[in-house]
1. How far apart, in nm, are the 7 Å Cα→Cβ label points at Met1 and Lys14?
2. Would you calculate the separation in nanometres between label points at Phe54 and Lys93, each defined as 7 Å from the Cα along the Cα-to-beta-carbon direction?
3. What number does the chain give for Rg over Rh if you use C-alpha atoms and the Kirkwood radius?
4. Among Ile92, Ile21, what is the fewest-to-most ranking by other Cβ atoms within 10 Å?
5. Simple spin-label model, 7 Å along Cα-to-Cβ: Ser30 to Gln77 in nm?
6. Which of these, Pro15, Pro73, Pro58, has the largest mean-square fluctuation under a Gaussian network model of the chain (Cα springs below 10 Å)?
Amino acid sequence: MASVDEVLKGLAEKPLTKAEIDRALVKMRSNLYDVVEETFGFGLADLLACYALFNDNPGVVNTLEDSFKKVTPELIQKTAKEYLRNSNRTIIKLDAKAAK
């Protein structure tokens, strides 16, 4: 947990660089295209169905990349401060020996 806390503290105290944001955008787009192309295009059908069911708007698929671009270093920093703090988490410890 100390390593996680260290990373989260860094996010809350210092904004990400433009290079880090740009790299994350590339990875997000790459992942989106992987999902869309899954199983001979059924990934796109799945996304369309999810947005139709939960948003009543399957056209949201066409705006996902634009949504990614709305994320800023300041937004990430604000989110880290507000939600990713020690007092706002639950830790579950599993004991594999006890399960036997």
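1. Between Met1 and Lys14, the label points sit 2.5 nm apart.
2. With each label placed 7 Å out from Cα toward Cβ, I get 3.3 nm.
3. When Rh is taken as the Kirkwood radius, the ratio is 1.09.
4. In order of increasing Cβ crowding within 10 Å: Ile92, Ile21.
5. Between Ser30 and Gln77, the simple spin-label model gives 2.7 nm.
6. In the Gaussian network model the winner is Pro58.
Since every read-out is calculated from the coordinates, none of them should be taken as a lab result. Since we're looking at a predicted model, the values are computed, not measured. Quick reminder, even Gly has a Cβ in these numbers, built from the backbone with ideal geometry, and neighbours come from all protein chains shown.
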